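Novice: Here it is, the structure, as structure tokens.
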Amino acid sequence: MKIDLFDFDLPESLIAQTPLKNRSDSRLMVLDKKTGEIEHTVFKNITEYLHPGDCLVLNDTKVLPARLFGVKEDTGANIEVLLLKQQENDQWETLVKPAKRVKAGTEIIFGEGKLKATCIEELDHGGRIMKFDYEGIFYEVLNELGEMPLPPYIKEQLDDQDRYQTVYAREVGSAAAPTAGLHFTESLLKEIEKMGVKIIFITLHVGLGTFRPVSVDEIENHDMHAEFYQVSEEAAKAIMDVKKNGGRVISVGTTSTRTLETIASEHDGNIVATSGWTDIFIYPGYEFKGIDAMITNFHLPKSTLIMLVSALAGREHVLHAYETAVKEQYRFFSFGDAMFIK
């Protein structure tokens, strides 16, 4: 399947640079995956499209303030380090800029010595394995010295770092936010629960592979980066109860979708308590086994995310919806508006 099948024209002016003052004031496009019919509303009205007995499955991962700015101990040269994946013994896989200045053995100082890092191994494409030294608790040091790693298409600084976290974020470990969840407020979630819709939390730690462009002409040749997921006994049972009782499993975001589909694909359509690494790549032709509907944002042209959405709602329906979104001046990407595929 050709990558160009998932292209569309997007004016740069529609890429949202800042979040709205109120999370749930974002616009909501409702897309019927069977007919392609489109409705326009605002996100706080999502309640009108949910039914008692449904469940919302949300990713409760929390974004690390993973961007660190330091200096080389020997020369004082400025170095940027982005944490990607924790390994053992305070070692992390990182992205380093400028990578050519950081060789095995290079030491970098952050916060006037509150945090030190030594390059253990050089990887491809600017990747480095770094070992960190510090006093106290690593995540507390990181909260003090680190910055939020906003996506590359957001050029403006974020005044309130919490706006790049969901209101239910609690499991630290992501390099990027599960942005479909940014539209929910605590009061909206309570309202949804009162309707008889179950709110269920699972975890998938989003890696920067989520922003990695597809660089092959035939999408089947694209390799996904693996990401860690975890689903508890309580969450798995709640989802299966909804399925058995005829309710809809509505995933919030592509990360929740990929987690549930990974598990359902390995367990005959059932959701079980488990954890592991997933590199599932969902594109048209895939048969969904775990979810029935989905809340998502508007994604990049030619991205794996628009391919996933196209698998659920049909490529022609999705591209028509995106064409409509551009015409109607919807806001795109992380801080943009939302779509409910029902």
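The values are calculated or read from the model by the stated rules, or taken from the named source; none is laboratory data. Note that the structure is predicted; figures quoted are calculated from it, not measured. Quick reminder, even Gly has a Cβ in these numbers, built from the backbone with ideal geometry, and neighbours come from all protein chains shown. For accessibility, only protein heavy atoms count, side chains too; no ligands or nucleic acids. Shrake-Rupley method; radii C 1.70, N 1.55, O 1.52, S 1.80 Å.
Novice: If I filter region 5-32 down to residues being more than 27 Å from residue 48 (Cβ to Cβ) and assigned to a loop (DSSP other than H, G, I, E, B), which single residue comes out as most open to solvent (accessible area, probe 1.4 Å)?
Specialist: Across region 5-32, the extreme among qualifying residues is 9.
Novice: Could you count how many residues in region 291-323 are touching a Phe, Trp or Tyr at 6+ places or on another chain (Cβ under 8 Å) and either open to solvent by 10 Å² or more (accessible area, probe 1.4 Å) or more than 19 Å from residue 184 (Cβ to Cβ) (or both)?
Specialist: 16
Novice: Could you please give the count of residues in region 218-259 that are of a type outside the set (Gly, Ala, Ser) and part of a helix (DSSP H, G or I)?
Specialist: Final tally of qualifying residues: 17.
Novice: Select from region 227-285 the residues that are among the hydroxyl-bearing types (Ser, Thr, Tyr) and without any contact (Cβ under 8 Å) to a residue 60 or more places away in the chain and list them in ascending order.
Specialist: Scanning region 227-285 gives 229, 232, 257, 262, 265, 274, 275.
Novice: When the residues of region 244-279 are filtered to those that are surrounded by fewer than 18 Cβ atoms within 10 Å (Cβ to Cβ) and touching a helix residue (DSSP H, G or I) at 6+ places or on another chain (Cβ under 7 Å), which remaining residue is nearest to residue 86 (Cα to Cα)?
Specialist: 274
Novice: Tell me, which residue of region 260-315 that is in a loop (DSSP other than H, G, I, E, B) and either outside the structural domain of residue 10 (by the TED database) or among the β-branched types (Val, Ile, Thr) (or both) is nearest to residue 227 (Cα to Cα)?
Specialist: Going through the qualifying residues, I end up with 280.
Novice: For region 309-342, which positions are within 26 Å of residue 155 (Cβ to Cβ) and hydrophobic (A, V, I, L, M, F, W, C)?
Specialist: 309, 325, 326, 332, 333, 335, 338, 339 - these are the residues of region 309-342 that are within 26 Å of residue 155 (Cβ to Cβ) and hydrophobic (A, V, I, L, M, F, W, C).
Novice: Could you run through region 157-179 and say how many residues are in a helix (DSSP H, G or I), in contact with a Phe, Trp or Tyr (Cβ under 9 Å, 6 or more places away or on another chain) and open to solvent by 10 Å² or more (accessible area, probe 1.4 Å)?
Specialist: Total satisfying the criteria: 2.
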